[in-house]
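Engineer: Right, I'll just put the structure down here and ask away after.
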Amino acid sequence: MKKILLPLALFAVSLTATAQKTTTKPAAKTNDQVAQHLKTFDELDYDVFSNAKWDRLHESHGQNILVHWPDGHTTSGIEQHITDLKAMFVYAPDTQIKQHLFQLGQGNLTSVAGVMTGTFTKPMPTGDGKFIQPTGEKFSLPMSTIGVWKDGVMVEEYLYWDNQSFMKQLGLGQ
């Protein structure tokens, strides 16, 4: 009986070792991809966004990216996303994200939470040919971005911040 149990035990150990080896490799690859996506996120927020380098947005965003904005509207395409991002810098040209409080990811999903800051120093277009005059107020908003990645770029992005708090900090809300 002992002669049969020993080979069975060795066989079971070898199967376990083989299973661990095959599951470890894809997990390592996935972890490397997540780490690369999070590194890209840092570059996106700390340099591309904060310095309005819109010609580099394609490094992190796909051509047909679907963007979900904090107010509930969605846009499609990198050109529209660039137009929307540029609009934020019209009234607060010093807008930046220089801090990520945490980052996490799994598979093709990543999330970062950070702080977006700036100062309302230029007139804000209201879309009807009128402008809201600057208040000179600074803002510091917690924000979060969730990205869905494919082939090294985001194909879908979810942006979150509190618009009511944003308006209050700009001196425009109650």
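The values are calculated or read from the model by the stated rules, or taken from the named source; none is laboratory data. In this text, all values refer to a predicted model and were calculated from it rather than measured experimentally. Note: ideal-geometry Cβ built from the backbone for every residue, glycine included; neighbour counts use all protein chains shown.
Engineer: Based on this model, can you work out whether Gly127 counts as at pLDDT below 95 and of a type in the set (Gly, Ala, Ser)? Please lay out each step first, then the result.
Structural biologist: Values: at pLDDT below 95: yes; of a type in the set (Gly, Ala, Ser): yes.
Here the answer is yes, as Gly127 does meet what is asked.
Engineer: Would you confirm, using the coordinates I've provided, whether Phe11 is assigned to a helix (DSSP H, G or I) and either touching a strand residue (DSSP E or B) at 6+ places or on another chain (Cβ under 7 Å) or modelled with pLDDT of 90 or more (or both)?
Structural biologist: Details: assigned to a helix (DSSP H, G or I): yes; either touching a strand residue (DSSP E or B) at 6+ places or on another chain (Cβ under 7 Å) or modelled with pLDDT of 90 or more (or both): no.
The answer is no for Phe11.
Engineer: Next question. It is to be established whether one or more residues within the stretch 131-146 are free of Cβ contacts under 8 Å to residues at least 40 places away in the same chain and aromatic (Phe, Trp, Tyr).
Structural biologist: yes
Engineer: Can you pull out every residue in the stretch 118-155 that is closer than 30 Å to Gln33 by Cβ and surrounded by 13 or more Cβ atoms within 10 Å (Cβ to Cβ)? Break it down into steps so the answer makes sense when it comes.
Structural biologist: Narrowing the stretch 118-155 to residues closer than 30 Å to Gln33 by Cβ: 141-155.
Those that are closer than 30 Å to Gln33 by Cβ and surrounded by 13 or more Cβ atoms within 10 Å (Cβ to Cβ): Leu141, Pro142, Met143, Ser144, Thr145, Ile146, Gly147, Val148, Trp149, Val153, Met154, Val155.
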